[in-house]
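The values are calculated or read from the model by the stated rules, or taken from the named source; none is laboratory data. This is a predicted model, so every value here is computed, not measured. Protein only, heavy atoms only, side chains kept; ligands, DNA and RNA dropped before computing areas. Shrake-Rupley method; radii C 1.70, N 1.55, O 1.52, S 1.80 Å.
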Amino acid sequence: MSSLRPFLLVIATTCTLPALAQENVLNLYSARHYQTDEALYANFTKLTGTIINRIEGKEDELLERIKNEGANSPADVFITVDAARLAQADALGLFEHVKSRVLDERIPANLRSPDWFAFSTRARVIIYNKAAVNPADVQNYEDLAGPKLKGKVCVRSGAHPYNLSLGSALIHHLGEQKTEEWARGLVANFARTPKGGDTDQIRAVAAGECGVSISNTYYIARLLRSEKPEDRKAMEKIGVIWPNQKTFGTHINISGGGMLKTAPHKDAAVKFLEYLASDEAQAYFANGNNEWPVVKSAKVGNAALESLGTFKPDSLNVGILAKNTALAQKIFDRAGWR
Ligand code: FE
């Protein structure tokens, strides 16, 4: 927070001077904190001369901050993870509609909305303990609620956006009632009360505390790339499944961003968003968190990700995920998935 204060002062004393509308800066509110991002931003400055002031924070805190700053917010671009969070910002009217041929051409239609854009994708996959579970029994999300997995399922809280987004996709594909039945079946299969994040579930599956779980792919890739021998050993015990390959495809979520309505530097903001869709930036952006680029021509040499193989992703528009989130939460509450 302290890093912003001098900047706010500058704005407050000079923003009435028209000459400064051209100042070459971009204020980026980012929930990303990866080392590769340094290179990502430095490259933008090299290409455009625009200096990036970065305010980093937790996803929900940044959103809250932008809301509280209101019309005086210095934020130009907001970057975060999860479609539901981006849609939440959108529903609050924080994003400006961005018209850009570059973004429309490079980002697939199901990975953008009129107001915000996905720049990388992650998949939510099933992981299982190879010694304890037959992979044939866990080929689909639906299987996690089946009687064969009684007492074997570990999963993080049903209130977490990752699970809510998965729930949103299931509502779309299976309907509300089937999704509720699924959630009840899942809860009935719990090996333990939900706790921890995805990495904790992976470790619990490796340790045999549970037989199966669900995890975002970048957590798996991170452990696969870990230099700690115990992490590598744990990963040897785990199998990864792309769920629902014969039906609607594996649920994917995104990280992405948009330009704020109150952005003081709108030209720079659009340029920056377009830059993020360039092949070079895509590689940095996606690789920083072991994710996949959204732009087809972008290449990432990430051996851990590649070792997971290829899969059919759910082609559902990411905007739909967000629309069903509130209902997903109600369903999970009713089913007792805390
Ligand atoms: Fe995460």
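Volume per residue, Å³, of the convex hull around the alpha-carbon atoms of the stretch 149-230?
Looking at the stretch 149-230, the number lands at 92 Å³ per residue.
Shown for the chain: the carbon plus sulfur share of the solvent-accessible area, taken with all protein chains present and a 1.4 angstrom probe, equals 54%.
Comparing mean-square fluctuations of Ala298, Ala83, Ala328 from a GNM of the chain with C-alpha springs under 10 Å, the top value falls on Ala298. Here Asp143 sits with roughly 40 square angstrom of accessible surface, probe radius 1.4 Å.
Is the C-alpha gyration tensor of the stretch 45-127 telling us rounded, prolate or oblate? Criteria: a/c under 1.5 is rounded; beyond that, a/b larger than b/c is prolate, otherwise oblate. Rounded, since a/c falls under 1.5. Ellipticity at 222 nm from helices only: DSSP H runs of n ≥ 4 in the chain, each -39500 (n - 2.57), divided by the residue count, give -12000 deg cm²/dmol.
Structure remark: mean-square fluctuation, Gaussian network model of the chain, C-alpha springs under 10 Å; the largest value among Lys67, Lys246, Lys261 belongs to Lys246.
Classify the stretch 165-276 as rounded, prolate or oblate, taking a ≥ b ≥ c as the square roots of the eigenvalues of its Cα gyration tensor: rounded when a/c is under 1.5, otherwise prolate if a/b is larger than b/c and oblate if not. All intermediate terms of the calculation are to be shown ahead of the outcome.
Numbers: a/c = 2.47, a/b = 1.38, b/c = 1.80.
Judged from the Cα gyration tensor, the stretch 165-276 comes out oblate (a/c at least 1.5, b/c at or above a/b).
Please identify, among Lys312, Lys323, Lys233, the residue showing maximal mean-square fluctuation in a Gaussian network model of the chain using a 10 angstrom Cα cutoff. Maximum fluctuation in the GNM of the chain, among the listed residues, is at Lys233.
Past the 25 Å Cα-Cα mark, which pairs from Lys195/Lys312; Lys261/Lys299; Lys261/Lys323; Lys67/Lys266? Long pairs (Cα-Cα over 25 Å): Lys195/Lys312; Lys261/Lys299. Computed from the alpha carbon positions, the gyration tensor of the chain leads to an equivalent ellipsoid with semi-axes of 38, 21, 18 Å, biggest first.
Where the eigenvalues come from the Cα gyration tensor of the stretch 85-207, what are the semi-axes √(5λ) of the equivalent ellipsoid, largest first, in whole Å? Walk me through the numbers on the way to the answer.
Values: eigenvalues 222, 49, 41 Å².
Equivalent-ellipsoid dimensions as semi-axes: 33, 16, 14 Å.
Give me the log10 of I(q) over I(0) for the stretch 237-328 at q = 0.10, 0.13, 0.23 Å⁻¹, as the Debye formula computes it from C-alpha points; what are the numbers? Result of the Debye calculation: -0.37, -0.61, -1.26.
Cross-link candidates for Lys148: which lysines have Cα within less than 16 Å, leaving aside residues fewer than 8 places away along the same chain? Of all the lysines, those that pass the test against Lys148 - Cα under 16 Å, at least 8 places apart if same chain - are Lys130.
Using the Cα gyration tensor of the stretch 211-265, with a ≥ b ≥ c the square roots of its eigenvalues, what is the shape: rounded (a/c below 1.5), prolate (a/b larger than b/c) or oblate (neither)? Walk me through the numbers on the way to the answer.
Values: a/c = 4.63, a/b = 1.59, b/c = 2.91.
Oblate.
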